[in-house]
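Undergrad: Below is one structure. I have some questions about it.
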Amino acid sequence: MSDSILIRGGTVVTAEGEFRHDVLVNGETIAQVGPDLEAPAGARVIDAGGSYVIPGGIDPHTHMELPFMGTVASEDFFTGTSAAAAGGTTMCIDFVIPSPQESLIDAFHKWRGWSEKAACDYSFHVAVTWWADSVREDMIKLSKEHGVNSFKPFMAYKNAIMCDDETLVNSFKTAKELGALCTIHAENGELVYVLQQDIFNKGITGPEGHPLSRPPEVEGEAANRAIRIAEVLGVPVYLVHTSCIDALEAVTRARLEGQRVFAEVLAQHLVIDDSVYRNPDWNAAAHYVMSPPFRSKEHQEALWRGLQSGMLQTTATDHCCFCTPQKQAGLEDFRLIPNGTGGVEDRMSILWHHGVRTGKLTPAEFVAVTSSNTAKIFNIFPKKGALVAGADADIVVWDPNKTRTISVKTHHQNIDFNIYEGMEVTGNAAITISRGLVVWENDELKTVRGRGQYVNRPCSAPYWDSQGKRNTLAEPTKVERELPTPK
Ligand code: URP
Ligand code: ZN
Ligand code: ZN
């Protein structure tokens, strides 16, 4: 048996459009894409008739086994990337989050150790949680030697990982010199902190206090601040988990002014509203405690419009699983409920069912917002997010008629509830191929612990600032940009 796979008879969908093409995989990469391809001797032939053939999904925002709020996220790199594969996602960009005063390089190596068990490919953004000359040196080293082209300042989580404006400005300046991108958690952490005390002191101690302490204005202010700082410094920025009209307006205004601002939306913010916090069952409401919180329906509708109009370019999950007993750390005090929700397995189906089947997105737009745009923004296109000769063979045979009811009873995520419980979705991954290996078919996972590879993401050098001066730090790095070469 050769290690070739011919995917025959499907409709290939890329961000560019739909084509009646076959896809030939040889080893870990795509050998050919075109009409009526011949199967090499011994090749496995997959009949994709009636299905779409799409690039594997890329989730630009996950937190596998994250130590956070006194506990550790229950999903590890093996279970998490496996669950992702079951849903048609073949790459995650996770976050290294150093504690304040911890070296970024040490934290990066710690996370690299944990991620050795990943089943599918992955990469890392690195958070900037404090500032010193050594942090700047670590950012330079991470970008030049370790393939990190994105850094994340958190504007929230006071007394933990929140950074002040000084750190924000310094990290933006350094990212600019490197040709890297800053990804921002935009919420005004000082304001959240004050509102949390006020709400708790009024006697509101349950999960319903969580969204009250993080209203849309809190996100809008921080989004505006980050964008304006970036404008002054002439540096691109990327807002993670944009959840409300206030932040979307800031993004839209900046983009219409020609500023290079990118923004991500989470699948769950598109389809779940804030009524979940009014559930009288404490556990049921606490399951939805994440930041930014779920919003009212008008925000959801605006987010869909943002995605349709291209103001929001990527979709993610912020997959950060805490099981019910972990959530119960905040039984007496909503401020202690670990923030985070899961969903890495369900993003693609949610986007297809609620996006493509309703006519909000075309199949090509679906591919753009679930993989290609992320690959382009984070400089790994077309190795990832594309179906071209030489690209990694991360491919999904997507059955637009396959229906499943999302449930904790059947999901593959390591968490004891599912935020989409009972939701029926049509449009699911029939077969998932990760770097040439079939890892999901016939509703069965075949992932291999440790087969996932770390993906280097070089900075976008050469990089020119807004005055047209070349940045000296953005000279060639040890990490080369990988351009697909057909074998
Ligand atoms: O509630 C969330 N989102 N938890 C994970 C950490 C973050 O803010 O991204
Ligand atoms: Zn965040
Ligand atoms: Zn996150």
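Undergrad: Within the set of pairs 6+ apart or on separate chains, which have a first residue in segment 235-254 that is touching a residue at least 12 places away in the same chain (Cβ under 8 Å), a second that is within 14 Å of ligand 2 (Cβ to nearest atom) and open to solvent by 10 Å² or more (accessible area, probe 1.4 Å), and C-beta atoms under 9 Å apart?
TA: From residues that are touching a residue at least 12 places away in the same chain (Cβ under 8 Å), the pairs are V240/D318; H241/D318.
Undergrad: Might you let me know whether segment 344-352 holds any residue that is within 16 Å of ligand 3 (Cβ to nearest atom) and modelled with pLDDT of 95 or more?
TA: So far as segment 344-352 goes, yes, one or more of its residues are within 16 Å of ligand 3 (Cβ to nearest atom) and modelled with pLDDT of 95 or more.
Undergrad: Shifting gears a bit: Taking P40 as the residue in question, decide whether it is in a loop (DSSP other than H, G, I, E, B) and within 28 Å of the chain's Cα centre (by Cα).
TA: No: the conditions fail for P40.
Undergrad: Any residue in segment 281-303 that's free of Cβ contacts under 8 Å to residues at least 12 places away in the same chain: show its pairings with residues that are within 16 Å of ligand 1 (Cβ to nearest atom) and open to solvent by 40 Å² or more (accessible area, probe 1.4 Å) at Cβ separation under 7 Å, as long as the two are six or more apart or on different chains.
TA: So the pair list comes out empty.
For (1) open to solvent by 40 Å² or more (accessible area, probe 1.4 Å); (2) within 16 Å of ligand 3 (Cβ to nearest atom); (3) modelled with pLDDT of 95 or more, each residue gets a yes or a no:
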site: V12; (1), (2), (3): no, no, yes
site: E16; (1), (2), (3): yes, no, yes
site: F19; (1), (2), (3): yes, no, yes
site: D59; (1), (2), (3): no, yes, yes
site: H63; (1), (2), (3): no, yes, yes
site: F68; (1), (2), (3): no, yes, yes
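Undergrad: It is to be established whether one or more residues within segment 327-337 are surrounded by fewer than 22 Cβ atoms within 10 Å (Cβ to Cβ), over 20 Å from V192 (Cα atoms) and not acidic (D, E).
TA: Going residue by residue through segment 327-337, those that are surrounded by fewer than 22 Cβ atoms within 10 Å (Cβ to Cβ) are 328-329, 331-333, 335-336.
Filter once more, so that each one left must be over 20 Å from V192 (Cα atoms): 328.
Checking which are not acidic (D, E) leaves us with 328.
Scanning segment 327-337 turns up at least one residue that is surrounded by fewer than 22 Cβ atoms within 10 Å (Cβ to Cβ), over 20 Å from V192 (Cα atoms) and not acidic (D, E).
Residue-by-condition table, conditions (1) over 20 Å from V388 (Cβ atoms); (2) modelled with pLDDT of 95 or more; (3) more than 16 Å from ligand 2 (Cβ to nearest atom):
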site: E38; (1), (2), (3): no, yes, yes
site: G56; (1), (2), (3): no, yes, yes
site: C92; (1), (2), (3): yes, yes, no
site: R112; (1), (2), (3): yes, yes, yes
site: H125; (1), (2), (3): yes, yes, no
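Undergrad: Additional query: Would you be able to say whether some residue in segment 273-287 is within 16 Å of ligand 3 (Cβ to nearest atom) and of a type in the set (D, E, K, R)?
TA: Looking for residues that are within 16 Å of ligand 3 (Cβ to nearest atom) and of a type in the set (D, E, K, R), one finds none in segment 273-287, hence no.
Undergrad: Counting only residues that are touching a Lys or Arg at 6+ places or on another chain (Cβ under 7 Å) and at pLDDT 95 or above, which one in segment 200-257 is most open to solvent (accessible area, probe 1.4 Å)?
TA: E208
Undergrad: Hey, another quick one. So in segment 295-326, with the set limited to residues that are within 15 Å of ligand 3 (Cβ to nearest atom), open to solvent by less than 10 Å² (accessible area, probe 1.4 Å) and of a type outside the set (S, T, N, Q), which one is farthest from E345 (Cα to Cα)? Even if it seems obvious, please write down each step before you answer.
TA: At the first step, the residues of segment 295-326 found to be within 15 Å of ligand 3 (Cβ to nearest atom) are 314-322.
Filter once more, keeping what is open to solvent by less than 10 Å² (accessible area, probe 1.4 Å): 314-317, 319-322.
Going one step further and asking which of them are of a type outside the set (S, T, N, Q), we end up with 316, 319-322.
Numbers: A316: 11, H319: 9, C320: 12, C321: 12, F322: 15 Å.
If we take residues in segment 295-326 being within 15 Å of ligand 3 (Cβ to nearest atom), open to solvent by less than 10 Å² (accessible area, probe 1.4 Å) and of a type outside the set (S, T, N, Q), then F322 is farthest from E345 (Cα to Cα).
Undergrad: Within 17 Å of S99 (Cβ to Cβ), open to solvent by less than 10 Å² (accessible area, probe 1.4 Å), within 16 Å of ligand 1 (Cβ to nearest atom) and over 16 Å from the mean Cα position of the chain (by Cα): which single residue out of A156, A160, A127 fits that description?
TA: From the options A156, A160, A127, the qualifying one is A156.
The values are calculated or read from the model by the stated rules, or taken from the named source; none is laboratory data. Just so it is clear, the structure is predicted and the values come from calculations on it, not from any experiment. Every residue, glycine among them, receives a Cβ derived from its backbone with ideal geometry; neighbour counts consider all protein chains shown. Calculation scope for accessible area: heavy atoms of the full protein, side chains included, ligands and nucleic acids excluded. Shrake-Rupley method; radii C 1.70, N 1.55, O 1.52, S 1.80 Å.
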